[in-house]
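K.L.:
Would you mind keeping the following structure in view while I ask a few things?
The values are calculated or read from the model by the stated rules, or taken from the named source; none is laboratory data. Bear in mind that the values here come from a model prediction, so they are computed numbers and not experimental data. With ideal geometry, Cβ positions are generated from the backbone for all residues, glycine too; neighbour counts draw on all protein chains shown.
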Amino acid sequence: MQEFIEFAGNNVLLVTGLLASGFAAIFYELRVKARNIASLSVPVAVRMINDGSKVVDIRDAEQFAAAHIVDSTNIPRADLNGESKPVKSGKNVVLVCDTGSASGDCVAQLRKDGHENVFSLRGGLAEWRKENLPLVSD
């Protein structure tokens, strides 16, 4: 133990860098874990949708018109906030975007604002298409 203390005293920058990188890794892992709690795989999302969860597509109106999940509502990302009716409905809400990153960011913000019933579709519509699930267009 004495040797470790001596080493740390002689290599302050090295030990500080090691501790900082360790804390950064822990912070990153906790952040990823928190985000994954709020994201749903496609099969889980389908099950929630079949159980009555609301689907909100946060892409712009043109993308929504081209292809969207059946019975989903379009609320562009810029217009989405904690006061939106689907978010306040009391039902579980699944946010959908193209790849899952924008919806993940929105979910993080909405959860930060106190809405625990909001989830993101992991992989977005790209993953939905990959699973050969139905989409409709206007």
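K.L.:
Within the stretch 67-80, does at least one residue satisfy the condition of being among the hydrophobic types (A, V, I, L, M, F, W, C), outside any loop (DSSP other than H, G, I, E, B), under 18 Å from Ala38 (Cβ atoms) and touching a residue at least 12 places away in the same chain (Cβ under 8 Å)?
P.N.:
Checked against the condition, which is being among the hydrophobic types (A, V, I, L, M, F, W, C), outside any loop (DSSP other than H, G, I, E, B), under 18 Å from Ala38 (Cβ atoms) and touching a residue at least 12 places away in the same chain (Cβ under 8 Å), the stretch 67-80 yields no hits at all.
K.L.:
Taking the stretch 88-138 on its own, how many of its residues are at positive phi and modelled with pLDDT of 95 or more?
P.N.:
0
K.L.:
When both residues are 6+ apart or on different chains and their Cβ atoms are under 8 Å apart, which pairs have a first residue that lies in the stretch 102-114 and is farther than 12 Å from Asn81 by Cα, and a second that is assigned to a helix (DSSP H, G or I) and modelled with pLDDT under 85?
P.N.:
Gly104/Arg35
K.L.:
Here's a check for you: in the stretch 101-138, which residue that is hydrophobic (A, V, I, L, M, F, W, C) and in a loop (DSSP other than H, G, I, E, B) is surrounded by the fewest Cβ atoms within 10 Å (Cβ to Cβ)?
P.N.:
Leu135
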